[in-house]
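The values are calculated or read from the model by the stated rules, or taken from the named source; none is laboratory data. In this text, all values refer to a predicted model and were calculated from it rather than measured experimentally. Every residue, glycine among them, receives a Cβ derived from its backbone with ideal geometry; neighbour counts consider all protein chains shown. All accessible areas refer to the heavy atoms of the entire protein, side chains included, with ligands and DNA or RNA removed. Shrake-Rupley method; radii C 1.70, N 1.55, O 1.52, S 1.80 Å.
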Amino acid sequence: MIELRPFAKLGSADHGWLKARHHFSFGSHYDPGNTGHGSLRVWNDDEIAPNTGFPAHPHANMEIITYVREGAITHQDSLGNKGRTEAGDVQVMSAGTGVRHSEYNLEPTKTKIFQIWIEPTTQGGQPTWGAKPFPKSDRSGNFVTIASGFKCDNDALPIRADARVLATTLKAGESAEYAPGKTRNLYLVPAAGSVDVNGVRVKARDGVAIRDEARLRITALEDSELVLVDAA
């Protein structure tokens, strides 16, 4: 099953400083038939104006992955963590028993991010935060795991979920393959470009919900950058 969710049909919000598209129900955009895909609960496509951002607010019991597509995001939290994550880098926050954090675009131009929330396998635990660069040159032509709840993914940022987040860049005409487990829930979004996924054309910022596919063959129709979640 491959279900295309065109970008133009996604839920949206325009707060002036923030322009958001919601792949799943979020905030004032509620669709009872679209509250997640397996343990994947949120995929927001956010554009944040310069010198604005999300003031301090709380989270608990959620794995929050921020994939920076353009610009940079500056993080600060109640644990004392501070960091600037720029395009090509990824940050992960395990909210655990509870944490307050802020995310600001302190750059002179707008910042674009994917914010991905995945349910943890267990509730509670000490909150944590981390960030890491994943150069696009290192993931050219192959999926690289950027965040994972599996111990075998040593180079990925750790999350407390039965899930992994992967990324790749493909030149026009290049293909990458991915073989999920039978019971997995996959969600793929091109950050840029357009691709063919097992015969389905997917344009930039469209979403694709995938189940019961033995193997994915993803062919770039133009130079493309992709993010894929494989979740329980």
Open item on the list: Could you check segment 131-156 and list, in sequence order, the residues that are more than 17 Å from Glu225 (Cβ to Cβ) and not basic (Lys, Arg)?
Closed with: Ala131, Ser148, Gly149, Phe150, Cys152, Asp153, Asn154, Asp155, Ala156
Task: Search result, residues across segment 126-160 that are touching a Ser or Thr at 6+ places or on another chain (Cβ under 8 Å), more than 22 Å from Ala176 (Cα to Cα) and open to solvent by 40 Å² or more (accessible area, probe 1.4 Å) - done: Gln126, Thr128, Trp129, Ala131, Pro158, Arg160
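Which one of these is touching a Lys or Arg at 6+ places or on another chain (Cβ under 8 Å) and either in the same structural domain as Leu170 (by the TED database) or small (Gly, Ala, Ser) (or both): Ser78, Ser102? If you could, list the steps in order and put the result at the bottom.
Values: Ser102 fails: touching a Lys or Arg at 6+ places or on another chain (Cβ under 8 Å).
After applying the criteria, what remains is Ser78.
Kindly indicate the residue of segment 76-118 that is of a type in the set (Lys, Arg) and either free of Cβ contacts under 8 Å to residues at least 12 places away in the same chain or assigned to a strand (DSSP E or B) (or both) and also nearest to Ala231 (Cα to Cα) among those meeting that condition.
Going through segment 76-118, the residues of a type in the set (Lys, Arg) turn out to be 82, 84, 100, 110, 112.
Narrowing further to those that are either free of Cβ contacts under 8 Å to residues at least 12 places away in the same chain or assigned to a strand (DSSP E or B) (or both): 82, 84, 100, 112.
On the way: Lys82: 28, Arg84: 27, Arg100: 25, Lys112: 24 Å.
Here the residue is Lys112.
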- [ ] Kindly check whether there is at least one residue in segment 30-45 that is in contact (Cβ under 8 Å) with a residue 60 or more places away in the chain and open to solvent by 50 Å² or more (accessible area, probe 1.4 Å).
- [x] yes
Open item on the list: Please determine whether any residue of segment 168-188 is under 15 Å from Gly88 (Cβ atoms) and surrounded by 15 or more Cβ atoms within 10 Å (Cβ to Cβ).
Closed with: yes
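For (1) within 22 Å of Val189 (Cβ to Cβ); (2) assigned by the TED database to the domain that holds Leu188; (3) modelled with pLDDT of 95 or more; (4) touching a Phe, Trp or Tyr at 6+ places or on another chain (Cβ under 9 Å), each residue gets a yes or a no:
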{"position": "Met93", "(1), (2), (3), (4)": "yes, no, yes, yes"}
{"position": "Glu107", "(1), (2), (3), (4)": "no, no, yes, no"}
{"position": "Phe150", "(1), (2), (3), (4)": "yes, yes, yes, no"}
{"position": "Asp153", "(1), (2), (3), (4)": "yes, yes, yes, no"}
{"position": "Asp162", "(1), (2), (3), (4)": "yes, yes, yes, yes"}
Open item on the list: Considering only residues that are touching a residue at least 60 places away in the same chain (Cβ under 8 Å) and either more than 16 Å from Arg215 (Cβ to Cβ) or not in a loop (DSSP other than H, G, I, E, B) (or both), which ones fall in segment 169-185?
Closed with: Asn185
Open item on the list: Condition first: surrounded by 16 or more Cβ atoms within 10 Å (Cβ to Cβ) and in contact with an Asp or Glu (Cβ under 6 Å, 6 or more places away or on another chain). Now tell me which residues in segment 1-17 satisfy that.
Closed with: Phe7
TODO: Within segment 60-82, work out how many residues are open to solvent by 50 Å² or more (accessible area, probe 1.4 Å) and of a type in the set (Asp, Glu).
DONE: 1
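Evaluate segment 195-205: report whether one residue or more is among the hydrophobic types (A, V, I, L, M, F, W, C), in contact (Cβ under 8 Å) with a residue 40 or more places away in the chain, over 23 Å from Lys136 (Cβ atoms) and touching a His at 6+ places or on another chain (Cβ under 6 Å). Working first, answer last.
Our first condition is that a residue be among the hydrophobic types (A, V, I, L, M, F, W, C); within segment 195-205, this holds for 195, 197, 200, 202, 204.
Filter once more, so that each one left must be in contact (Cβ under 8 Å) with a residue 40 or more places away in the chain: 197, 200, 202, 204.
If we keep only those that are over 23 Å from Lys136 (Cβ atoms) too, we end up with 200.
Then drop every residue that is not touching a His at 6+ places or on another chain (Cβ under 6 Å), which leaves none.
Checked against the condition, which is being among the hydrophobic types (A, V, I, L, M, F, W, C), in contact (Cβ under 8 Å) with a residue 40 or more places away in the chain, over 23 Å from Lys136 (Cβ atoms) and touching a His at 6+ places or on another chain (Cβ under 6 Å), segment 195-205 yields no hits at all.
Please pick out the residue among Ala167, Ala172, Ala176 that is closer than 20 Å to Ser224 by Cβ, among the small types (Gly, Ala, Ser) and in contact with a helix residue (DSSP H, G or I) (Cβ under 6 Å, 6 or more places away or on another chain).
Details: Ala172 fails: in contact with a helix residue (DSSP H, G or I) (Cβ under 6 Å, 6 or more places away or on another chain); Ala176 fails: in contact with a helix residue (DSSP H, G or I) (Cβ under 6 Å, 6 or more places away or on another chain).
The unique qualifying residue is Ala167.
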Open item on the list: On the basis of being farther than 20 Å from Phe134 by Cα and open to solvent by less than 20 Å² (accessible area, probe 1.4 Å), does Phe24 make the cut?
Closed with: yes
